Amino acid sequence: MKKLQQENEVVTDLAAEGFERFEAVRRKIAAAQAEHSATVDRRAEVAAALTKVGEQFDHAAAQVRTAKIRGVEPAPEHLRDDQRYGAEYARLSKELAKLDQSIAAQSQALGALQAESMSAAFSGGTIAAVLAAQRAVEEATDDVEAVQVVIEAQQARLTQIGANVVTVASTDEALSDVLARAALGAASAEDVETKRAELTQARELAESQAAELDSERAEVNETIVGLQSVLADKESKLPALKDTASIVFAQFVGSEQESAAQRYIDLANQITAVLRQLIAMDEMGRRCGVPPLLNENWPSCFVLPAVRRELPGAEEALAMYGVMTAGVMLAKPRSLHEARAAERDRLRKLGVTLV
């Protein structure tokens, strides 16, 4: 029991040491993930800005091209916008390319850190390795679910943008109604002009809002594309983490199995030794009138499941037909003779000469 307690203390110390190494790498991973997330967020911002500037650049360039086609000098503001938006578009494109390179490098570094964490914590079938593997799967699953929630929120935003589209159908109908009443003499020319002005204003507002909604929709779509890329990257890591967890758990179960089997064999051999002694004492008891304690059918009753693996001491507890038939072994004449001889020697060493 003391030996077993010492072994458990050693296992606990090893688990603590494994966790310390794993936690050190985990801190590096947390810092790298924070940097990676910040870079991904910045990329989404730059991509959205690039889309907007691209539209402005296209518009300014179209104005300049139209003027040249007509054979006139482009308006100064159009030339300025063309140059300004062109320069901004080039700058944002360059920054986006650098961010993509950074994201790729950071993803590679994160992969290396993950491998390092597994090497530190998943070095064997320990409880530390099992808990670390579970935690890795749980955190990766949480990351995937968190990104999915953000994507759903962005998709809901797209739906809301569609619902915000302004129409002028009701104003059109109102103008048609006034025109009809004017034709019948029920409405004045001023009423018609008022409705025409309202329709013009409504159309201008609708066109302005439509442009804003188009820009917002493009930004959200770009964000969703980026998030889906992040989601795919995170989802791709889950199978390997789950496989690792399964392997580590199997190693842990095997280690615990070996330990339990060895304790079982040790106890079986102890029981066998005590049983040999009891057999001998029952034999001596019969000679001096002391009733035996063992059931007369004990050999057929003493049957223990055999351990199939080659473990220290397994051969001593005779394995046959899938069971430990130590009782049958001890019931053999040679075994009974050896048991009696061993007990006589023990008593003689104690000074007993009546045996």
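The values are calculated or read from the model by the stated rules, or taken from the named source; none is laboratory data. Quick caveat, the model's predicted, so the values are computed rather than measured. Cβ coordinates were reconstructed from backbone atoms using ideal geometry, including for glycine residues, and neighbour counts include every protein chain displayed. Calculation scope for accessible area: heavy atoms of the full protein, side chains included, ligands and nucleic acids excluded. Shrake-Rupley method; radii C 1.70, N 1.55, O 1.52, S 1.80 Å.
Observations on the structure shown:
- Conditions (1) free of Cβ contacts under 8 Å to residues at least 24 places away in the same chain; (2) aliphatic (A, V, I, L, M); (3) surrounded by 15 or more Cβ atoms within 10 Å (Cβ to Cβ); (4) under 24 Å from residue 224 (Cα atoms); number of the one not met by residue 105: (3)
- Residue selected from the stretch 227-246 under the condition more than 23 Å from residue 150 (Cβ to Cβ) and free of Cβ contacts under 8 Å to residues at least 12 places away in the same chain, by the criterion most open to solvent (accessible area, probe 1.4 Å): 243
- Residue 277 passes every criterion in (1) among the polar types (S, T, N, Q); (2) free of Cβ contacts under 8 Å to residues at least 40 places away in the same chain; (3) more than 30 Å from residue 34 (Cα to Cα) apart from (2).
Each row is one residue, and each column tells you yes or no for (1) part of a helix (DSSP H, G or I); (2) within 19 Å of residue 36 (Cβ to Cβ); (3) modelled with pLDDT of 80 or more; (4) open to solvent by less than 50 Å² (accessible area, probe 1.4 Å).
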| residue | (1), (2), (3), (4) |
| --- | --- |
| 137 | yes, no, yes, yes |
| 141 | yes, yes, yes, yes |
| 153 | yes, no, yes, no |
| 159 | yes, no, yes, no |
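- So residue 177, is it of a type in the set (D, E, K, R), modelled with pLDDT under 90 and in a helix (DSSP H, G or I): yes
- Residue check: residue 269 meets all listed conditions (1) under 19 Å from residue 341 (Cα atoms); (2) at pLDDT 80 or above but one, namely (2).
- Filter pass, residue 223 being assigned to a helix (DSSP H, G or I) and farther than 22 Å from residue 146 by Cα: no
- Against the list (1) at pLDDT below 85; (2) farther than 30 Å from residue 144 by Cβ; (3) among the hydrophobic types (A, V, I, L, M, F, W, C); (4) surrounded by 12 or more Cβ atoms within 10 Å (Cβ to Cβ), the condition residue 87 fails is (1).
- Test for residue 218: is it surrounded by 15 or more Cβ atoms within 10 Å (Cβ to Cβ), in a helix (DSSP H, G or I) and at pLDDT below 65: no
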